[in-house]
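Visitor: Please see the structure below; I have some questions.
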Amino acid sequence: SSGINAGEFSRLYCIKEKDLYGGILGRTSHLIKDYDVNVSKQVLQDCDILLHLIWETINIGHWKDVDVFWRQLYRSICFIKSVNLSWDDRIAEAILSCDMGLIMGAPFREELFVQELADFLSQHVSIDSLCETEHVPVGKAEVPLPFLSNHKEIPQVNAPSLEKFIELLKPSTPFIMKNIIDHWPAMKKWSPSYLIQNHGERTVPIEIGSSYTSEQWSQKLLKLKDFIRTYMLTSSNEVAYLAQYELFNHITRLKEDITPLDYCAVSESDVVTNCWFGPEGTVSPLHHDHYQNLFCQVYGYKRFIMFDSHDNMHPHQHHLLKNTSQIDVESPNALRDFPDLADKTAWVADLGPGDVLYLPLHWWHHVRSLSVSFSVSLWWKK
């Protein structure tokens, strides 16, 4: 936690927070040399007071306007709190403290010790699983394709070379690659039961609702084991989704289960890796992204319905949804409400385990999960 710049307290006129932080650091340093349960209890109390003060600060106004120092301080205190909780053998609480720091806080320099501590503690907590631990393939729901006046199947290619891949990129149209991620350990490991057994105590942000355009859409923090048991292993009236989340920056052990793809060498910038994990029935409404995308289907099945980036798909006017279409392509009234949809060609594919879909920049895509599904997207900009 020495990565925190103490001078920032003076810049932000927060003397009370500086005094609390100094006391926490001093007592924790003492505990490393000579553990005392009462001193540890005082540290935990001070951590909670300081976290409450920071929480109020970072939740006032717009998130983007919060000075990054407050989020760095929040992560630092969460780490110190977690260390003290682990000394007291309160492992589940210690893991939660790490996760709150990872979700709400910000890194200082290139630190990884919060992730490493959480990963280490996760290996030392017992979870009573409701399911078997072996990798069990999941079946695909038979969901009829919605009526589309013009549609074509997305073409497939078997394990292209890098040179062939670069050629395939030139038309800026989607294609599916086969047999390029079969060697990933994730292909044999990742499943709901595996995640419960190995990472079930980890807390992650979950979207609740049929899609992010729904008025009932919300977010909440859940332990992975509770998310899986509530929304995947039992029937639920709600749909929940771990969507577009940089999970490998949170649970770093999962990153060991995938390997970089040579195709990403075409990127002129860092590749952004996002994870998508949820039950059957999750929907991402028709939208486009500001990235090129290699969408890797690791577990389960997903249906993509795509339209050319040049097609007018009637985006919402609100600035927060300007990359999202007003057209619900699964609605029986889609053609009635948007007659020009009949003039557009839909590119369609059902992805299964091992499939990698190339999504060109700004292509519109609607995505439905046809089973419990775990996907990894690799975003890059040319």
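Visitor: Pick out the one residue from 335, 357, 361 that is in contact (Cβ under 8 Å) with a residue 24 or more places away in the chain and part of a helix (DSSP H, G or I).
Guide: Testing whether each residue is in contact (Cβ under 8 Å) with a residue 24 or more places away in the chain and part of a helix (DSSP H, G or I) leaves just 335.
Visitor: Any idea how many residues of segment 252-290 are within 30 Å of residue 95 (Cβ to Cβ), of a type outside the set (Ser, Thr, Tyr) and in a strand (DSSP E or B)?
Guide: 6
Visitor: Quick one: residue 41 ticks every box in (1) at pLDDT 90 or above; (2) open to solvent by less than 50 Å² (accessible area, probe 1.4 Å) except a single one, so which number is it?
Guide: Every listed condition holds for residue 41 apart from (2).
Visitor: Name the residues in segment 62-82 that are of a type outside the set (S, T, N, Q), within 20 Å of residue 24 (Cα to Cα) and open to solvent by less than 30 Å² (accessible area, probe 1.4 Å), would you?
Guide: 69, 70, 73, 74, 75, 77, 78, 80
Visitor: Which one of the conditions (1) at pLDDT below 95; (2) surrounded by fewer than 20 Cβ atoms within 10 Å (Cβ to Cβ) does residue 250 fail to meet, given that it meets all the rest?
Guide: (2)
Visitor: Also, I was wondering about something else. Just one of 219, 244 is open to solvent by 70 Å² or more (accessible area, probe 1.4 Å), assigned to a strand (DSSP E or B) and over 14 Å from residue 377 (Cβ atoms); which is it?
Guide: Going through 219, 244 in turn, just one is open to solvent by 70 Å² or more (accessible area, probe 1.4 Å), assigned to a strand (DSSP E or B) and over 14 Å from residue 377 (Cβ atoms): 219.
Visitor: Give the residue that is most open to solvent (accessible area, probe 1.4 Å), with candidates limited to residues of segment 317-330 that are in contact (Cβ under 8 Å) with a residue 60 or more places away in the chain and in a loop (DSSP other than H, G, I, E, B).
Guide: Looking at residues that are in contact (Cβ under 8 Å) with a residue 60 or more places away in the chain and in a loop (DSSP other than H, G, I, E, B), I get 330.
Visitor: So which residues in segment 190-213 are assigned to a loop (DSSP other than H, G, I, E, B) and either open to solvent by 30 Å² or more (accessible area, probe 1.4 Å) or β-branched (Val, Ile, Thr) (or both), if there are any at all?
Guide: Result: 210, 212, 213.
Visitor: Quickly run through segment 61-95 and pick out the residues that are aliphatic (A, V, I, L, M) and modelled with pLDDT under 90.
Guide: 66, 68
Visitor: Could you list, in sequence order, all residues of segment 177-197 that are touching a helix residue (DSSP H, G or I) at 6+ places or on another chain (Cβ under 7 Å) and not hydrophobic (A, V, I, L, M, F, W, C)?
Guide: 185, 189, 192
The values are calculated or read from the model by the stated rules, or taken from the named source; none is laboratory data. None of the values given here were measured: they were computed from a predicted structure. Neighbour counts are summed over all protein chains in view; Cβ atoms, including those assigned to glycine, are modelled from backbone coordinates with ideal geometry. Only protein heavy atoms, including side chains, enter the accessible area calculation; ligands, DNA and RNA are left aside. Shrake-Rupley method; radii C 1.70, N 1.55, O 1.52, S 1.80 Å.
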